[in-house]
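Here the structure comes first, spelled out in structure tokens, and everything after it is commentary.
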Amino acid sequence: MSSKYRQNGMTLIEMMIVLVLLGIIIGAAMPDIKQLLATQQVRAGVHELSTDFALARIQAISRQRMVVVCPQSNGRCIHDSDWSRGWMVFVDTDGNDQPEHEADIIAIRQGGQDSLTIRSNHGRPRLRYLPSGASHGSNLTVNVCLAGRLRAQVVVNNAGRSRIDRRGEGNSCPM
């Protein structure tokens, strides 16, 4: 028996079955993908903060000048504990908590592109490093939150060293 017509490809029913199975697999994997993306957002935010704190400390020691890290808006330090809009690192030549020249700015981070909330403890909206590398003032704690929940903290002690603390993870975000 010879067949004049040969079937090449898939039938419509076979294609529909494949699409339904693909939809089920993607639907089951979606919560895990969202959790993975959220975890990566937090890690990136914490890494950027701790990296810029270390950069500021190294610059203060190497330049023998005071270096400040603060929340910023349009290249100016703002007196707020909300770091979610971004922050900057700069050499503070005259101690007024503002960069005098563009050459004084070491780094600027733009925020607001993700759903992270980044806030420092009240009464300490900025971080100052002395030429010795010590952090001027009391300890600074920067809380990194996602969806109203604390995910991590970056803590800087008076010696200027920073550490990442995840012990309070899952608690409500401190305001």
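No lab work stands behind these numbers, since they all come straight from the coordinates. Keep in mind it's a predicted model, so treat the numbers as computed, not measured. Ideal geometry is used to build each Cβ from the backbone, glycine not excepted, and the neighbour counts take in all protein chains shown.
So how many Å³ per residue does the convex hull of the Cα atoms of the chain work out to? Mind showing how you got there, number by number?
Working: hull volume 33.5 nm³, N = 175.
Per-residue hull volume (Cα only) is 191 Å³.
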request  = Would you compute, from DSSP H runs of 4+ residues alone, the mean residue ellipticity of the chain at 222 nm, taking -39500 (n - 2.57) per run and dividing by the full residue count, rounded to the nearest 500?
outcome  = -11000 deg cm²/dmol
key: region 118-164 versus region 1-76: alpha-carbon centroid distance in Å   = 27
ask   = Taking the radius of gyration and the Kirkwood hydrodynamic radius from Cα positions alone, what is the Rg/Rh ratio for region 56-127, to two decimal places?
value = 0.97
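If you take the alpha carbon radius of gyration of region 18-86 and divide it by 2.2 N^0.38 Å, what ratio comes out, to two decimals? Intermediate values should be presented prior to the final figure.
Details: Rg = 20.2 Å, N = 69, 2.2 N^0.38 = 11.0 Å.
Expressed relative to 2.2 N^0.38 Å, the Cα Rg reads 1.84.
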query = Cα extents of region 96-168 along the three principal axes, largest first, in whole Å?
reply = 37, 29, 19
ask   = Taking the Cα-to-Cβ direction at ILE24 and at GLN40 and moving 7 Å from each Cα, how far apart do the two end points lie in nm?
value = 2.8
request  = Using a cut-off of under 18 Å, list every residue of region 124-139 whose amide N is near the label point 7 Å from the Cα of ASN157 along the Cα-to-beta-carbon line.
outcome  = 128-130, 132-139
